[in-house]
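To keep things clear, I will list the structure first and then write my remarks on it.
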Amino acid sequence: MTGMLTIAGLGPGDAALITPEVAPYVARVAAREGLVLHASDNRQELLRAAEAMRLAAAGRRVVVVSSGDPGVFAMASAVFEALEASPQWQGLIIRVLPGVTAMLAAAARAGAPLGHDFCAINLSDNLKPWPLIEKRLRLAAEADFAIALYNPRSASRPEGFARALEVLNEAGCGDRITIFAHAVTTADERIDALPLRDARPDMADMRTLVIVGNSTTRRAGRWIYAPRRAS
Ligand code: SAH
């Protein structure tokens, strides 16, 4: 088995945020003769991963790309799920190349809202039951984590984000500074911040990363940051 499978993160959008390790692969993604692009949507991740492994096992050099970091709510886990289910591929050479994940790019634009303890929650309920998402939101609020919310508007559950805001308001987070970072590092970038109780569901879409501050998150001029200390 000579094939090689590379799982690469492309960063949040701006080419300057593609790591030097990943850059050569991106150049190869540009259309050229002999290059076959296998596009698929996120619901097909496992199929896409299995197809990538099949091609790699056949001796091809295959690159699976994700936006941001491939290990954050993206393709890397799908590849390892496919690997676990298919022992015949376990000899493949696999490399995971990290990328700048959306919450880090968003946090940098706002200041330092992830400067103290934080967690990240995927609001998509494609692969987990919605009650588990609500439980995690409540416990994250109780633990006073800053919370990065990926996939705030799941295509299959447009009302999910409204409910997430309700859960956080009920958990006492109404005063918390909440950042809506839309299409960070692209031409469409837009950053808004307001108290959670004033946040509206339509402020987020599929290209928005939401960061809910912790109870001490504050402003310093135009910046938003989490102090390093907690009591
Ligand atoms: N692997 C990606 C995340 C994939 S999930 C990463 O590490 O960033 C897709 C979600 O990521 C989107 O719904 C959005 O919440 C977030 N996202 C990805 N790119 C973004 C960007 N440029 N600006 C804001 N949010 C982004």
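The values are calculated or read from the model by the stated rules, or taken from the named source; none is laboratory data. As the structure is a prediction and not an experimental result, all values here were calculated from the model. Just the protein is used for accessible areas: all its heavy atoms, side chains included, with ligands, DNA and RNA removed. Shrake-Rupley method; radii C 1.70, N 1.55, O 1.52, S 1.80 Å.
Which number comes out as Rg/Rh for the stretch 171-231 once both Rg and the Kirkwood Rh are worked out on C-alpha atoms?
With Rh from the inverse mean 1/r over Cα pairs, Rg/Rh is 0.99.
Per the Debye formula with a single identical scatterer at each Cα and no solvent contribution, what log10 I(q)/I(0) holds for the stretch 68-128 at q = 0.17, 0.21, 0.30 Å⁻¹?
-0.75, -0.95, -1.26
If you split all Cα-Cα distances of the chain into 10 Å bins from zero, what percentages do you get per bin, shortest first?
The distribution over the chain is 8, 30, 31, 20, 10, 1, 0, given as percents.
Averaged per residue, what accessible area in Å² does the chain show with a 1.4 Å probe, protein chains only?
Heavy-atom SASA per residue in the chain reads 53 Å².
Assuming 1.306 mPa s and 10 °C, estimate D for the stretch 130-231 with Stokes-Einstein, Rh taken as the Kirkwood radius over Cα pairs, in µm²/s.
Answer from the Stokes-Einstein relation: 114 µm²/s.
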